[in-house]
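Working notes, beginning with the structure itself.
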Amino acid sequence: MGLLVEGTPLSWDEIKPLAEHIRYHGITQFINIWDRTKGRICTEFLWGDEIEYMVACLDDEHKTARLSLRQSSVTLDRLRDESLSRTYIADAMHSTKIPIFHEEYGRHMIESTPGAPFSDALSSLLSVGSDMRFRRQIIYSRLEPSELLVTVTSWPRMGVTDTPFTQAPDDMDFDGSSGKDTKNVDMLLTNTQHPRFRSLHDSIHQRRGRPIDIRVPLFIDKQTLTEGPRVSALLPCCLDCKTVSAHIVTCVASDVPTIQMDAVSYGLGCCGLQVTSQASNIDQARYVHDAMVVIAPIMLTLTAASPIFHGRLADIDTRWSVVAASVDDRTEEEENGVDPVTKQRASPSVRPRWSSVSLHVSNDERNKAVYNDVDVPIDDDAKKRLIEHCVDAKLADHVAHLFSRDPLVQMSETIDQDDNKSTIHFEGINTVVWPSVRFKPPPLDLPIGWRVELRTMEIQMTDFENAAFVIFVVLLTRAITHLDLNFYIPISRVHENMERAHQRNAAAIGKFVFRKNISPSNGPFHVEIDDEIQDMSMDEIMNGDGATFPGLTGFVEDTSRLWRRTKTQRLVSARTSIS
């Protein structure tokens, strides 16, 4: 969703001269947050989830299912109607806290969050599933009879041209174009009700200076028309390609047939499942952030639910690389690490805005320097200012790395801000960088703590599954803090795990780099990294190796052993052991 500020959006050509102004004041705003909240203590553990939905329009007569494009313009207005609260408050089965519904990038999408945060109390955890069902019930009450609310990660036939894949109201405005033009996917799907989304789309294209280029390896079997070897390349797919048809290209270097897509909506039009947890203080938030960085590819693998793109079976199972490529605003020089003036190799090259985290940020002594083994761009001026205001080097690197990016969305009405009261410029950059785990400072005007958001999970088809995974993440977060678990591995190996997570059926057959021992240790501090880590199957990571490593579910159960083991925990455990 990001920062939804109303106003008149500036074009990229108008934003570019303001970039230094926005970065400077964004850093000032972060410093103000730091000064006011670095000592904030939150005694209650609170958390919440974000569910992204698609809405399909069913035609029983013609047996078709198409994306319904009226959600951002009609359904959300109905969900925000004051009568909604009166209707459901009267229902004694539910809390008076009505869920919150938000706009998303696509016209076909709705996002929901709980009306009030959950806690780690057993009664609160056991209410998550019913809360998700309640949200679904409310949305259905505002849909048309022919519409179906679905939690699927990627719409299988998005962008196909043989038949329409969308259903739009007759009066919908497509900027003068026909809603029947199925070739312009972004024109059809981009939500124009809020200025952020169209501005984001336009700035990505204009800053990039070349077409969006998404390439996904095609699944090959005996029925596939395009013959080729059965190869699942690690990301990214090669870029030296010849066009074979409208949506299949053959990669010359690796000879891997791929599915090709060229619109932001192929990525941002997908649905995910996020969990945000509030830590007790900033130090705990930083430590949990680093642990979740390692857990992020594990949860992406467990929830992988995206086997089809552009009407074709893919040889990957997740959306992550597709979204990364869809919002990739890098110039060719930035992507390849080449200085635009000298044309010489420059280091480091810039990673996509949507990517795995590149820095551990905790000041814990277990966060050894060797774990941050990936070079990242840093805004030197930003880091200097942060250090001068007593922000430690590791956190300063994190923020200065964020601020090495350009802003992509800016409203004309919010250029000049009172930095003592506003965080618009900080959030304006922070929310157009989409890491696997987001470190979230408190807002200035609310009594909220430092938070950590896990962003990699793919949405599941049932509320039960979604509840199972978010509860597991919450219980694991509590295990990390209660048992003082150590998940540190080098960032380069985290990136490798993110690549491995894309392998088809990775949860059953993949191997992932993981620590041999995550328990607190009184052993020698200086240990060779290769002696700390090993390749482990997902079953071993989750359920243990039957010898010395109890698995993540074992640590979760140690934390909650006084609680009755719930069905949701059993589902997560069973998902990894299916052969």
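The values are calculated or read from the model by the stated rules, or taken from the named source; none is laboratory data. Computed from a predicted model, the values in this text were never measured in an experiment. Cβ: placed from backbone, ideal geometry, glycine included. Neighbour counts: every protein chain shown.
Just the residues that are under 30 Å from Ala382 (Cβ atoms), buried (at least 17 other Cβ atoms within 10 Å of the Cβ) and of a type in the set (Val, Ile, Thr), please, taken from segment 34-75.
Thr37 - this is the single residue of segment 34-75 that is under 30 Å from Ala382 (Cβ atoms), buried (at least 17 other Cβ atoms within 10 Å of the Cβ) and of a type in the set (Val, Ile, Thr).
Among the numbered conditions (1) surrounded by fewer than 22 Cβ atoms within 10 Å (Cβ to Cβ); (2) in contact with a Leu (Cβ under 7 Å, 6 or more places away or on another chain); (3) over 24 Å from Ser326 (Cα atoms); (4) modelled with pLDDT of 95 or more, tell me where Ala400 comes up short.
With (1) surrounded by fewer than 22 Cβ atoms within 10 Å (Cβ to Cβ); (2) in contact with a Leu (Cβ under 7 Å, 6 or more places away or on another chain); (3) over 24 Å from Ser326 (Cα atoms); (4) modelled with pLDDT of 95 or more applied to Ala400, the lone miss is (1).
Restrict the check to segment 434-450 and report whether at least one residue is surrounded by 16 or more Cβ atoms within 10 Å (Cβ to Cβ), farther than 23 Å from Asn367 by Cα and of a type in the set (S, T, N, Q).
So far as segment 434-450 goes, no, none of its residues is surrounded by 16 or more Cβ atoms within 10 Å (Cβ to Cβ), farther than 23 Å from Asn367 by Cα and of a type in the set (S, T, N, Q).
When you scan segment 493-505, how many residues do you find that are under 19 Å from the mean Cα position of the chain (by Cα) and in contact (Cβ under 8 Å) with a residue 40 or more places away in the chain?
Step one: filter segment 493-505 for residues under 19 Å from the mean Cα position of the chain (by Cα), giving 494-503.
Among the residues that remain, those that are also in contact (Cβ under 8 Å) with a residue 40 or more places away in the chain are: 494-495, 497-503.
Residues meeting the conditions: 9.
Based on what the data block shows, is Val399 of a type in the set (A, V, I, L, M) and part of a loop (DSSP other than H, G, I, E, B)?
Numbers: of a type in the set (A, V, I, L, M): yes; part of a loop (DSSP other than H, G, I, E, B): no.
Judged against the criteria, Val399 is not a match.
Mind checking which pairs have a first residue in segment 135-153 that is more than 18 Å from Glu104 (Cβ to Cβ) and a second that is of a type in the set (A, V, I, L, M), Cβ under 6 Å, 6 or more apart or different chains?
Ser146/Leu58
If I filter segment 45-66 for residues that are hydroxyl-bearing (Ser, Thr, Tyr), under 26 Å from the mean Cα position of the chain (by Cα), in the same structural domain as Thr153 (by TED's automatic domain parsing) and not in a helix (DSSP H, G or I), do I get at least one hit?
As a first pass, look at segment 45-66 and keep what is hydroxyl-bearing (Ser, Thr, Tyr): 53, 64.
Those still in the list that are under 26 Å from the mean Cα position of the chain (by Cα) too: 53.
Those still in the list that are in the same structural domain as Thr153 (by TED's automatic domain parsing) too: 53.
Still in the list and also not in a helix (DSSP H, G or I): 53.
For segment 45-66, residues hydroxyl-bearing (Ser, Thr, Tyr), under 26 Å from the mean Cα position of the chain (by Cα), in the same structural domain as Thr153 (by TED's automatic domain parsing) and not in a helix (DSSP H, G or I): present.
Examine segment 283-298 for a residue that is assigned by TED's automatic domain parsing to the domain that holds Thr576, surrounded by fewer than 24 Cβ atoms within 10 Å (Cβ to Cβ) and assigned to a loop (DSSP other than H, G, I, E, B), and state whether such a residue exists.
The answer is no; no qualifying residue exists.
Please go through segment 36-74 and pick out each residue that is farther than 17 Å from Pro99 by Cβ, of a type in the set (D, E, K, R) and touching a strand residue (DSSP E or B) at 6+ places or on another chain (Cβ under 9 Å). If you could, list the steps in order and put the result at the bottom.
Restricting attention to segment 36-74, the residues satisfying the condition of being farther than 17 Å from Pro99 by Cβ are 36-45, 54, 56-70, 72-74.
This time we only want the ones that are of a type in the set (D, E, K, R), so: 36, 38, 40, 44, 59-61, 63, 66, 70.
Once the filter is applied, which keeps residues that are farther than 17 Å from Pro99 by Cβ, of a type in the set (D, E, K, R) and touching a strand residue (DSSP E or B) at 6+ places or on another chain (Cβ under 9 Å), segment 36-74 yields Glu44, Asp59, Arg66, Arg70.
Could you give every pair whose Cβ atoms fall below 6 Å, whose first residue belongs to segment 11-23 and is farther than 20 Å from Thr423 by Cα, and whose second residue is polar (S, T, N, Q), counting only separations of at least 6 or pairs across chains?
From segment 11-23, the pairs are Trp12/Ser203; Trp12/Gln206.
Does segment 20-48 hold any residues that are touching a Ser or Thr at 6+ places or on another chain (Cβ under 7 Å) and under 12 Å from Gly428 (Cβ atoms), and which are they?
Residue satisfying the conditions is Gln29 alone.
Does segment 365-396 hold any residues that are in a helix (DSSP H, G or I) and either of a type in the set (Ser, Thr, Tyr) or touching a Phe, Trp or Tyr at 6+ places or on another chain (Cβ under 6 Å) (or both), and which are they?
Taking segment 365-396 first, the residues in a helix (DSSP H, G or I) are 369-371, 380-388, 393-396.
Tyr371, Ala382 - these are the residues of segment 365-396 that are in a helix (DSSP H, G or I) and either of a type in the set (Ser, Thr, Tyr) or touching a Phe, Trp or Tyr at 6+ places or on another chain (Cβ under 6 Å) (or both).
Say we look at segment 362-385 and pick out the residues that are among the hydrophobic types (A, V, I, L, M, F, W, C) and in contact with an Asp or Glu (Cβ under 9 Å, 6 or more places away or on another chain); which of these is surrounded by the most Cβ atoms within 10 Å (Cβ to Cβ)? Full working, then the answer.
Quick first cut of segment 362-385, residues among the hydrophobic types (A, V, I, L, M, F, W, C) only: 369-370, 374, 376, 378, 382.
Checking the rest, the ones that are also in contact with an Asp or Glu (Cβ under 9 Å, 6 or more places away or on another chain) come to 376, 378.
Values: Val376: 16, Ile378: 19.
Out of the qualifying residues, it is Ile378.
Looking at segment 3-22 only, could you name the residues that are farther than 19 Å from Ala382 by Cβ, hydrophobic (A, V, I, L, M, F, W, C) and assigned to a helix (DSSP H, G or I)?
Trp12
Conditions (1) modelled with pLDDT of 90 or more; (2) part of a helix (DSSP H, G or I); (3) touching a helix residue (DSSP H, G or I) at 6+ places or on another chain (Cβ under 7 Å); (4) not hydroxyl-bearing (Ser, Thr, Tyr), marked per residue:
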position	(1), (2), (3), (4)
Tyr140	yes, yes, no, no
Leu148	yes, no, no, yes
Ser154	yes, no, no, no
Met158	yes, no, yes, yes
Asp175	no, no, yes, yes
Lys183	no, no, no, yes
Gln193	no, no, yes, yes
Arg198	yes, yes, no, yes
Asp202	yes, yes, yes, yes
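Pairs needed: first member in segment 298-316, closer than 13 Å to Asn497 by Cα and in contact (Cβ under 8 Å) with a residue 24 or more places away in the chain; second member anywhere, of a type in the set (S, T, N, Q) and outside any strand (DSSP E or B); C-beta distance under 6 Å; at least 6 residues apart or different chains.
Partner pairs satisfying both residue conditions: Met299/Thr456; Leu300/Thr318; Leu300/Thr456.
Looking only at segment 440-456, which residues are among the charged types (D, E, K, R) and in contact with a strand residue (DSSP E or B) (Cβ under 9 Å, 6 or more places away or on another chain)?
Within segment 440-456, the first condition is being among the charged types (D, E, K, R), and the residues that meet it are 440, 445, 451, 453, 455.
Passing the criteria: Lys440, Arg451, Glu453, Arg455.
Output the helices (runs of 4 or more DSSP H) that fall wholly within segment 463-573 and possess 2 or more residues being touching a Pro at 6+ places or on another chain (Cβ under 9 Å), under 18 Å from Ser356 (Cβ atoms) and at pLDDT below 95, or say none. If you could, list the steps in order and put the result at the bottom.
Working: elements: 463-483, 491-501, 506-509, 529-532, 538-543, 552-559.
Result: empty, no element qualifies.
Would it be correct to say that Val322 is more than 30 Å from Asp35 (Cβ to Cβ) and in contact (Cβ under 8 Å) with a residue 60 or more places away in the chain? Before the answer, list the steps.
Working: more than 30 Å from Asp35 (Cβ to Cβ): yes; in contact (Cβ under 8 Å) with a residue 60 or more places away in the chain: yes.
Yes; evaluated as a whole, the condition is true for this residue.
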